[in-house]
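S.K.: My questions will all concern the structure given below.
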Amino acid sequence: MTPEHGGRTPEHHATPDRDSLGMETPEHHAGPGGRDGARMVTPRIPPLPAEEWPPVLRDLLGASSQDGPGRVNLFGTLAHHPPLAEAWLRLAQVLTHQGTLAMRDRELAILRTSHRLGCDFVRARHEEHARLAGLTTADVAATASPALSPHRWHPADLAVLRTADLLADHAELPEALWQELAERLRAEQLVELLLVIGQCAMACTTLNTLGTPPDATSPVPSLASPKGRLPA
């Protein structure tokens, strides 16, 4: 759990829902997860089967098996651009396993960002991670609430969630909120928090735009390769 700290929590401002903008979207069908329960029918760029991945991506997937299932279609989509895929996935690896930000803070930021950007792919994968970080079922559900105030958040949690909200709105963080974060987080943790939110937003935007389906909704490609099967 995050430590107690003083200070007044700045007022949270509601923002307009992006669905109200009236923009046309590709054909969808009902599906689990996400704010509106919709998912693109056919991915714009289908994930490549594992046998077509470069060896470095197969190695990255095998070496990160502790992160759980649900990443095959993500890796298969990124495999269309191997150098970019390796750089992106190594950044994600650093943020997940070599960072100094508390897991609770990281998962709160990811859950709120993926909700605000309507990405069921990312949110569904991180709900279990959030529980492992100490968030209750009610906490996880509340990260998808239009307004954060009804839930009884710890002030430290609320500061992280409000930061994710403001960045999702492309808004500047007010100085009062920044000082509240800085009272608890060290400089490297502040930088890491912003990069976690930014990397999550990049993943959500890419997966949503391409219509990449969660692994459970499409055939899982074999991880066998000429060099043998990846480690479990």
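The values are calculated or read from the model by the stated rules, or taken from the named source; none is laboratory data. The structure presented is a predicted model; accordingly, all values stated were derived computationally and were not measured. Virtual Cβ from ideal backbone geometry, glycine too; neighbours counted across all protein chains shown. Side chains included, ligands, DNA and RNA excluded: accessible areas come from the protein's heavy atoms. Shrake-Rupley method; radii C 1.70, N 1.55, O 1.52, S 1.80 Å.
S.K.: Please give, to one decimal in nm, the separation of the simple spin-label points placed at ARG44 and GLU128, each 7 Å out from Cα toward the Cβ.
M.R.: In this crude spin-label approximation the distance works out to 3.0 nm.
S.K.: Now, a different point. Label point 7 Å out from GLN98 along Cα-to-Cβ: which residues of region 75-92 have amide N under 19 Å?
M.R.: Within reach of a label on GLN98: 83-92.
S.K.: Could you sort the peptides 150-158, 98-106 by per-residue average Cβ neighbour count (10 Å cutoff), highest mean leading?
M.R.: Values: 150-158: 16.3, 98-106: 17.9.
In descending order of packing, they fall as 98-106, 150-158.
S.K.: Determine the per residue accessible area of region 30-189 with all protein chains present and a 1.4 angstrom probe, expressed in square angstrom.
M.R.: 45 Å²
S.K.: From the phi angles alone, apply the Karplus equation (6.51, -1.76, 1.60; θ = phi - 60°) to region 100-105 and give each ³J(HN,Hα) in whole Hz, x where the residue is Gly or Pro.
M.R.: 10, 5, 4, 4, 4, 4
S.K.: Accessible area of region 53-172 with a 1.4 Å probe: how many percent of it is carbon plus sulfur? Write down the numbers at each step before the final one.
M.R.: On the way: 2920 of 4890 Å².
After summing per-atom areas, the C and S share lands at 60 percent.
S.K.: For region 124-144 and region 82-110, what is the centre-to-centre distance using only Cα atoms, to the nearest Å?
M.R.: 18 Å
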